[in-house]
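Visitor: I am attaching a structure below and will ask some questions about it afterwards.
Just so you know, all these numbers are worked out from the coordinates, no wet-lab data involved. Nothing here was measured: the structure is a model prediction, and the numbers come from that model. A quick note on method: Cβ atoms are made from the backbone with ideal geometry, for glycine too, and the neighbour counts reach across all protein chains shown.
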Amino acid sequence: MKLTTVARLVAIAGICCGGYVLYSNVAAPAPDITVALPESVLPEAASSSFSPSADDASSTAPAASNNRTVDGMQGDITALKEQLVRLRADISNLQRQVQGYGRLAAAQAADAAATDQRLDDPETREEAEQQRQETLRVMETDFRREPTDSRWVSTTTAAIQDALTGIDEIQGSARNIECRSQTCRVELAGDREMLARFVSDFVLRIGSLLPSITANQIDNGDDATLILYLSGPSEDLSGNGS
């Protein structure tokens, strides 16, 4: 009985010791690991959020933006000045051209007036008419001597007939159409005033094909006979055969 009692006491004592050790580990406060910092560091760290340099940077940002805006405006002003200089130069050139055209027009008007004055002289008119008749004789002679290209004749004659057909007033006035290899001779007859009004339309219609035109009009009272010599570019003669 005594041994049993001693054993029980020993067991109870062991349990109590184990519980004390466990309680001391759990309830013991955590070790103090706080690191003491030098006092000189604390004010600098505490004032970092209120650093004057940050305020200076934020305050200089609008100033820099304003500087860039001013620089851009100065660049635009410089570009506008350059454009103004170019515009002034263009205006000056235009003014010189207008002055030149004015002098040319004045000279042409003076020449035309001098020509009209000379034509008022009967001798001058007679001389001019003789020169015109001589030119027409030469053209008629050259036309008769011109070789014939049948392919060119067919194409050009058809074009002339189409041009005349497009003008109702003179489509029936063609008395004769002759073409060679570069020149065509077209003879129109009818009312003089009607021919004078509508022959220009015919010339415009055929001008792209036969740009060189010489006319001779023979008056017969109210009627007239108009002979047109229509020539194409000299290149049309290349490779043509008779």
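Visitor: For labels at I77 and L136 in the simple 7 Å Cα→Cβ model, what's the distance in nm?
Guide: The two pseudo-label positions are separated by 7.5 nm.
Visitor: Still on this structure: In what sequence, highest mean first, do 75-81, 142-148 appear when ranked by Cβ atoms within 10 angstrom?
Guide: Numbers: 75-81: 10.0, 142-148: 12.9.
Result, highest mean first: 142-148, 75-81.
Visitor: Follow-up. For a footprinting-style exposure proxy, rank M73, M194 by other Cβ within 10 Å, fewest first.
Guide: Listed from fewest to most nearby Cβ atoms, that is M73, M194.
Visitor: If you don't mind, there's one more thing I want to ask. Could you tell me which of rounded, prolate or oblate describes the stretch 71-180, using a ≥ b ≥ c as the square roots of the eigenvalues of the alpha-carbon gyration tensor, with rounded for a/c under 1.5 and, failing that, prolate when a/b is larger than b/c and oblate otherwise?
Guide: Taking the square roots of the gyration eigenvalues as a ≥ b ≥ c, the stretch 71-180 is oblate.
Visitor: Need one word for the stretch 129-207: rounded, prolate or oblate. Basis is the Cα gyration tensor (sqrt eigenvalues a ≥ b ≥ c); a/c below 1.5 gives rounded, then a/b vs b/c decides.
Guide: Oblate shape, in that a/c is at least 1.5 and b/c is the bigger or equal ratio.
Visitor: Moving on. Please give the contour-minus-distance gain from E187 to A106: 0.36 nm per residue of separation, less the Cα-Cα distance, rounded to one decimal in nm.
Guide: Value of the extension gain: 25.4 nm.
Visitor: Here is a follow-up. Sum up the charges of everything whose Cβ sits under 13 Å from the Cβ of V199, counting Lys and Arg as +1 and Asp and Glu as -1, but leave V199 out. Spell out each step's value before the answer.
Guide: On the way: positive: R192, R197, R205; negative: E169, E187, D191, E193, D201.
Computed value for this residue: -2.
Visitor: Can you tell me the order of 206-219, 121-134 when each peptide is scored by its average per-residue count of other Cβ atoms within 10 angstrom, highest first?
Guide: Peptide ranking by packing, descending: 206-219, 121-134.
Visitor: Let me ask something else. Determine the shape class of the stretch 147-187: with a ≥ b ≥ c the square roots of the Cα gyration tensor eigenvalues, call it rounded for a/c under 1.5, and otherwise prolate if a/b is greater than b/c, oblate otherwise.
Guide: Prolate shape, in that a/c is at least 1.5 and a/b is the bigger ratio.
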